[in-house]
Amino acid sequence: MSLMGDSTTISVPLENKLLAALSKKEYERLLTQMEYVPLNYTEVLYQPNERIQHVYFPNSGLIALTSPVNKSSTTAVNMIGSSGMLGIGVFLGDPVSPTPAIVLVAGTALKMKAAVLQKESRRGSLQRLLLDFTHSQLTLAYQAAICNHYHQIHERLCCWLLYIHDAAGSTEFPMTHNLLANMMGVRREEVSKAASALQDDKVISYRPGHVTILNLAELKKVTCECYRIVKGMK
Amino acid sequence: MGNSTKPRSPVGNQMLAALPKKEYQRLLPDLEPVTLAFADVLYEPDQPIRHVYFPISGMVSLLSNVNERATTAVNIVGKDGMIGIQVFLEMNISPNRAVVHVAGTALRMEAEVLQRESQKWPLERLLRRYTQALLTQAHQATICNHFHNVNERLASWLLFTHDQAGVDEFPMTHQFMSGMMGVRREEISKAAAAFQKNKLISYTPGRIRILNRTGLKAICCKCYSIIRAKSVTY
């Protein structure tokens, strides 16, 4: 079930930080060309190698770009939350998504037609903000390359749980071992093993499809440095 | 391959070659030819970028580091692109170490000049496209670092190096490859010894000779063909 229900909010709060950094006038002009949509948990927004029709400015939630490696494995190569925009390829002039995008944490977003973004981002403050955001996506991609290669499964699991926690704004959220495994690029059994160790230590509790964080401070102690580095990027 | 090092295009660097002729000629006084020697370091991480480089030949690897000793390559830049994309993204700090992987030549430009010039559309369009290519390549590096074994990755790296070197024999050390691939030197030496035994390469301290390119292509991970196929088109 969607966390959002059929929300028909009239005044859209400026929760997307990229849009919030625009002048009020520019934001209001763009708002007429955007549509308020829910982001549903595990919803797939882009299929691989599909032409991007819409870009999304999340107000809340978290979207992961997950690259398929082979038939059974995927790994997250980047993520987009309320500080950015999904569909940066449209801005960069290559509007085909090489990687699928999947909603990891439910939320809402403002959705804009790709053609509109292309036109609007040629100049002005939206262009500058998207350059900034591109910079952080590139830096985040570099960090992911390091994290996937060097860090241990239990530290990476803590890191992912913290990203999800922060985006959910709650210590309780829907999540499966399978989805975590697909983000981390490891087998589900390895996630389950690391998760049960955290459960034994009373850091999290887990029932099928649901994680509750019991000890946030401990999670922050065990995570790899990537969590702090990525938080510091914003 | 022969030992021709002369660029085919009169401009040499593909990004500059894609500029309107008048634009290129206007930029020419700000482009200074420089040589890139094997293992030269162009940028250190977290240091300000003074110049950007448009390679005409050779290849530069961008390394991300976990700590002083553990590094891994996240991007490679050849005559298809530019080193110092952060300047375009309005963040004049390099997150990477940029190290010359294959010797060659480049045209360099002061960072301030690029910053000014990149606000003009023809160059901005090319830089946007190239940024997308770097992002896609970094995403592939995340996959490759994590999923592919040392033999597959070494074969891919030797093919990338061979492509850019344009000659069958080039300077290379196991230590250098270790820094690119983020694995211990001993593992590189072991993989290289197996390649040598199978007459794919011959190795003398500090130099590698490619003997059987087809054989390397049979071993390399698919990242080699993926990255080749996704090379930027302006």
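What do you reckon, is A:Leu130 buried (at least 20 other Cβ atoms within 10 Å of the Cβ), part of a helix (DSSP H, G or I) and within 13 Å of another protein chain (Cβ to nearest Cβ)? Criteria met by A:Leu130.
With respect to the conditions (1) buried (at least 22 other Cβ atoms within 10 Å of the Cβ); (2) modelled with pLDDT of 95 or more; (3) within 11 Å of chain A (Cβ to nearest Cβ), B:Gly81 lacks only one, and its number is (3). State all residues of the range B:190-234 that are surrounded by 15 or more Cβ atoms within 10 Å (Cβ to Cβ) and in contact with a Gly (Cβ under 8 Å, 6 or more places away or on another chain); if no residue qualifies, say none. Selection gives B:Leu200, B:Val232.
When each of B:Leu42, B:Leu107, B:Leu62, B:Leu123 is tested for being crowded, with 21+ Cβ neighbours inside 10 Å and assigned to a helix (DSSP H, G or I), the lone residue that passes is B:Leu123. Being in contact with an Asp or Glu (Cβ under 7 Å, 6 or more places away or on another chain), in a helix (DSSP H, G or I) and within 13 Å of another protein chain (Cβ to nearest Cβ) is a property that B:Arg153 lacks.
With among the small types (Gly, Ala, Ser) and either within 14 Å of another protein chain (Cβ to nearest Cβ) or more than 21 Å from B:Ala39 (Cβ to Cβ) (or both) as the only criterion, which of B:Ala229, B:Ala192, B:Ala165 stands out?
Working: B:Ala192 fails: either within 14 Å of another protein chain (Cβ to nearest Cβ) or more than 21 Å from B:Ala39 (Cβ to Cβ) (or both); B:Ala165 fails: either within 14 Å of another protein chain (Cβ to nearest Cβ) or more than 21 Å from B:Ala39 (Cβ to Cβ) (or both).
It is B:Ala229.
In summary, A:Val69 fulfils each of the numbered conditions (1) more than 10 Å from chain B (Cβ to nearest Cβ); (2) more than 20 Å from A:Ala167 (Cα to Cα); (3) of a type in the set (Val, Ile, Thr) with the single exception of condition (1).
In summary, strands (runs of 3 or more DSSP E) completely within the range A:149-215 and bearing 2 or more residues that are modelled with pLDDT of 95 or more, closer than 20 Å to A:Ala64 by Cβ and out of contact with any Lys or Arg (no Cβ under 8 Å at 6 or more places or on another chain) occur at A:172-174, A:210-213.
Has the range A:136-157 got any residue that is of a type in the set (Val, Ile, Thr) and more than 14 Å from chain B (Cβ to nearest Cβ)? Break it down into steps so the answer makes sense when it comes.
As a first pass, look at the range A:136-157 and keep what is of a type in the set (Val, Ile, Thr): A:139, A:146, A:153.
Among the residues that remain, those that are also more than 14 Å from chain B (Cβ to nearest Cβ) are: none.
No.
Counting the residues of the range B:84-128 that are farther than 24 Å from B:Lys21 by Cα, within 13 Å of another protein chain (Cβ to nearest Cβ) and small (Gly, Ala, Ser) gives 2.
Please pick out the residue among B:Ser202, B:Ser189 that is within 30 Å of B:Asp80 (Cα to Cα) and either under 18 Å from the mean Cα position of the chain (by Cα) or not in a loop (DSSP other than H, G, I, E, B) (or both). It would help to see each step written out before you state the result.
Details: B:Ser189 fails: within 30 Å of B:Asp80 (Cα to Cα).
Only one candidate passes the filter, namely B:Ser202.
The values are calculated or read from the model by the stated rules, or taken from the named source; none is laboratory data. Not measured: the values here are computed from a predicted model. Note: ideal-geometry Cβ built from the backbone for every residue, glycine included; neighbour counts use all protein chains shown.
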